[in-house]
1. FRET efficiency for S207 and S89, Cβ-Cβ distance as r, R0 = 41 Å, nearest 0.05?
2. Obtain the nm distance between the two label points defined at T121 and E355 by a simple spin-label model: each point lies 7 Å from its Cα along the Cα-to-C-beta direction.
3. Residues with beta-carbon under 12 Å from that of H293, excluding H293: net charge, scoring Lys, Arg +1 and Asp, Glu -1?
4. What is the percent carbon and sulfur in the accessible area of the range 135-362, measuring with a 1.4 Å probe over the protein chains and ignoring ligands?
5. Efficiency by 1/(1 + (r/R0)^6): what FRET value for I362 and D252, r their Cβ-Cβ distance, R0 = 22 Å, to the nearest 0.05?
6. Find the centroid of the Cα atoms in the range 106-131 and in the range 201-245, then give the distance between the two in whole Å.
7. In the range 100-146, which GluC sites (Glu not before Pro) fall in coil by DSSP and have 16 or fewer other Cβ atoms within 10 Å?
8. Show the residues, 5+ positions off or on another chain, whose built amide H is closer than 5 Å to the amide H of T346.
Amino acid sequence: MPLADTRFATRRRKLASMLAAQRVDVMLVTNLVNVRYLAGFSGSNAALKISKDLSAEISTDGRYTTQVAAEVPDIEATITRHCAEALLSGVPEGRRVGFEADYVSVAMLDRLTKACPEGVTLVPVRGVIEQIRLIKDGVELRGLTEAAQLAAQALTGLVESGELAAGRTERDIAADLEYRMRLLGAERPSFDTIVASGPNSAMPHYSAGERTLADGDLVTIDFGMHRHGFNSDMTRTFVVGHATDFAREIYDIVLRAQLAGINAATPGTALVDVDKAAREIIEDAGYGDYFTHSTGHGIGLEVHEAPAAAPTGKGVLEENMLLTIEPGIYVPGKGGVRIEDTLIITSGAPQVITEWDKALTIV
C-alpha cells in the first residue's frame, strides 16, 4: 500500500522544524522503522539524512537498487553497504549532525565518529521522530484498522472451524491461526503468537508449546498481523469444555477492568489515569498482585510503541493516537485471563478496531 510522496515530505518537514529548535542542522536516521516512516523504504539496510533546509538523501545497498527507486522516487539514493557512514561523508564543515541515540550502539557510534568530516559534530537526539509518530494520519489509521479487522477475521475462522479444541496442542493452534492470517494478507505475524493453556495461561508472555488443551482449561490467545508495515494486536481468553468458578470469577473481573480502561481512554486523559481505571478494579477484587504488567501501549509500524498506559506512563491521550487496553490476572498454578483491544482515540468515545465478542466463550 504505497503512501503519497507528499505524506513523507510532510513528516520530514515536521522533523526539520523540531530539530531546528535543538540547534541540529542535519539528522542521520538509522532506525529502519523511522526510515520507513520518513521515506517509505522497507528494505533491511538503509540510512536517511535530512537537513534543516528539507533536502534529504537515502542510502541502501545493491540488493535494493530497484526497490529504493520504486519506493522512494523523490529522494536521491546512494548505493553502498555502509549506509550511514556514506551519508555523513558529504556533510559540510561546521554542521551539527543528530543521530538516534536510542538505536546507535557503541560500536556504531565509533564508526560514525571516524566517518565524520573534520569540523562536523555528532549530537545525540532522543524521541523526536517517535513524538511525531504518536499521532497517526489517515493512511496509518486505515492500514492499522484493516490489519486489526483481518486478524479478527482469522480468529473467527479458527474458532468456527473447531481448530481451537481439546486434544490439540498450543503450537498447532498457533500455526493454524498464523496460516489463516497469511491467507488474509499478512506478511508475517506482528509477534510470536501466544497460545497459553491451563497453567501456562498464568504466564503473560508465554509463547506456544507442546501442551495439549484439556477440559476446563483457560486458553489465552494473543496475536497480531503485520500487513503493509502496519501491526495489529488483540487478545481473547477462552475456556475449553466447561468453565470453573475460578475461571468465571477472574474472567468477569478482567472484563470489567478492560471496559473501564476503554471508557477512560479519551483525549486529555492522563495515561496514568487510564491505567488506574483498569487496575483499580482488579485491585479492589483482591487480585492486584496478579496483574503484573501495564494496561496498554501504542501500536503502529512497531507493535509496541508510545504511548504507554502504565503506573509510570507520561503524558495525555490525544486524538488519533492508538492504544491497547489489555489488563490481566495471572495466578500461578491455576491459570490466567487477559482481554485486549486496540483503540483509536477519537474526539469522543474511542473506536475499538479489534472487534470480536468478549463474552466468555466456551469451546
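The values are calculated or read from the model by the stated rules, or taken from the named source; none is laboratory data. Computed from a predicted model, the values in this text were never measured in an experiment. Glycine gets a Cβ as well: all are built from the backbone with ideal geometry, and neighbour counts include every protein chain shown. Only protein heavy atoms, including side chains, enter the accessible area calculation; ligands, DNA and RNA are left aside. Shrake-Rupley method; radii C 1.70, N 1.55, O 1.52, S 1.80 Å.
1. Details: r = 44 Å, r/R0 = 1.07.
Plugging the Cβ-Cβ distance into 1/(1 + (r/R0)^6) gives 0.40.
2. 5.5 nm
3. Working: positive: R279, R338; negative: D222, D275, E326, E340.
Taking every Cβ under 12 Å from that of H293, the sum is -2.
4. On the way: 4340 of 8680 Å².
Its accessible area is 50 percent carbon and sulfur atoms.
5. Working: r = 14 Å, r/R0 = 0.65.
Efficiency computed from Cβ-Cβ geometry: 0.95.
6. 42 Å
7. On the way: sites: E100, E118, E130, E140, E146; in loops: E118.
Sparse-neighbourhood loop GluC sites (Glu not before Pro): E118.
8. N320, Q351
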